[in-house]
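So the structure is just underneath, and the comments pick up after that.
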Amino acid sequence: MMEFIKAGTADALVLSSISRRAFESDIAVGAASKAGPPGYRSVSFHTKMARTNHLYKLSMDGLIAGGALLFADGLRLNIGRIFVDPEHFRKGYGIFIMQEIERIFPDAEEILLDTPVWNVRTNAFYQKLGYIGYKEDHEFIYYRKKRN
């Protein structure tokens, strides 16, 4: 059984490890080096995100397979990042996470996120889910989905 729920501080070690593997796998889809967003491999960063109720986990039969950082602000939700363990890529888990995010935050009239320009995998993924690019700079494409 898959569930997407808030993560606790005890989940930070596993989630930081999954985050590291997920973001460093981007080298295969255009990243210049094995790197990721700020704090992507830090246990203390993920612990802080759990303490402040921004860290979520994808759990399958009790095992963590991915996570997300979510920031709700009134009628707006910012998806700071989602990540899935590379061993579970292309199995629908990312879609499940995104559907659960939209279900968990039914009052969010606008959902925002960004992804690197060079990342063909994530850009195609968000567009497939109905997110529309509304701004671009030399590093990122900014997406949104309006609801209601």
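The values are calculated or read from the model by the stated rules, or taken from the named source; none is laboratory data. All of these numbers come straight from a predicted model, not from anything done at the bench. Please note: Cβ atoms are built from the backbone with ideal geometry, for glycine as well, and neighbour counts cover all protein chains shown. Each accessible area value is taken on the protein alone, full model and side chains, heavy atoms only, with ligands, DNA and RNA left out. Shrake-Rupley method; radii C 1.70, N 1.55, O 1.52, S 1.80 Å.
Quick look at the numbers
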{"item": "Inter-label distance, nm, simple model (7 Å from Cα along the C-beta direction), GLU109/ILE27", "result": "4.5"}
{"item": "Value of relative contact order over the chain, rounded to a whole percent, pairs C-alpha under 8 Å and six or more apart", "result": "21"}
{"item": "Mean projected area (nm²) of the alpha-carbon convex hull when the range 12-142 is viewed from all directions", "result": "7.9"}
{"item": "Whole-percent carbon and sulfur share, accessible surface of the chain, 1.4 Å", "result": "53"}
{"item": "Hull-based mean projected area of the range 7-85, where the convex hull spans the alpha carbons, in square nanometres", "result": "5.6"}
{"item": "Full-stretch length increase - PHE89, GLN127 - with 0.36 nm per residue and alpha-carbon distance subtracted", "result": "11.9 nm"}
{"item": "Cα-based reach from LYS146 at 26 Å (exclusive), listing lysines while leaving out same-chain residues under 8 positions away", "result": "LYS6, LYS57, LYS128, LYS135"}
{"item": "At 1.567 mPa s and 4 °C, Stokes D of the range 72-136 from Kirkwood alpha-carbon radius, µm² per second", "result": "101"}
{"item": "Of ILE5, ALA32, ALA22, farthest towards positive along the dipole that unit charges on Lys, Arg, Asp, Glu beta carbons give the range 1-95", "result": "ALA32"}
{"item": "Amide proton proximity set for GLY66, modelled H, under 5 Å, gap of 5+", "result": "LEU58, ASP85"}
{"item": "Probe 1.4 Å, protein heavy atoms only - accessible area per residue of the range 1-126 in square angstrom", "result": "50"}
{"item": "Gain in span if fully extended, PHE140 to GLU102, counting 0.36 nm per residue against the direct Cα distance", "result": "11.4 nm"}
{"item": "Cα centroid separation, the range 3-55 to the range 110-143 (Å)", "result": "19"}
{"item": "Partner aspartates and glutamates for LYS91 [C-alpha distance under 18 Å; skip if fewer than 8 residues away on the same chain]", "result": "GLU3, ASP26, ASP61, GLU100"}
{"item": "Under-5 Å amide H pairs with ARG81, H placed in peptide plane, nonlocal only", "result": "LEU69"}
{"item": "Using θ = phi - 60° and Karplus 6.51 cos²θ - 1.76 cosθ + 1.60, couplings along the range 103-118 (whole Hz; Gly, Pro as x)", "result": "6, 5, 10, x, 8, 6, 7, 9, 10, 10, 6, 9, 8, x, 4, 6"}
{"item": "Interchain or long-range residues, amide H under 5 Å from PHE140's placed H", "result": "VAL117"}
{"item": "Additional length obtainable on full extension of the chain from ASN53 to THR9, 0.36 nm per residue less Cα span", "result": "14.9 nm"}
{"item": "Unit charges at the beta carbon, dipole of the range 42-148: most positive-side option, TYR143, ILE101, LEU55", "result": "ILE101"}
{"item": "Estimated distance in nm for a label pair at ARG20 and SER44, the labels positioned 7 Å out from Cα along Cα-to-Cβ", "result": "1.5"}
{"item": "Cβ-placed point charges (K, R +1; D, E -1), dipole of the range 21-140 about Cα centre in debye, nearest 20", "result": "380"}
{"item": "Estimated [θ] at 222 nm from DSSP helical runs (n ≥ 4, -39500 (n - 2.57)) normalised by residues in the chain, nearest 500", "result": "-8500 deg cm²/dmol"}
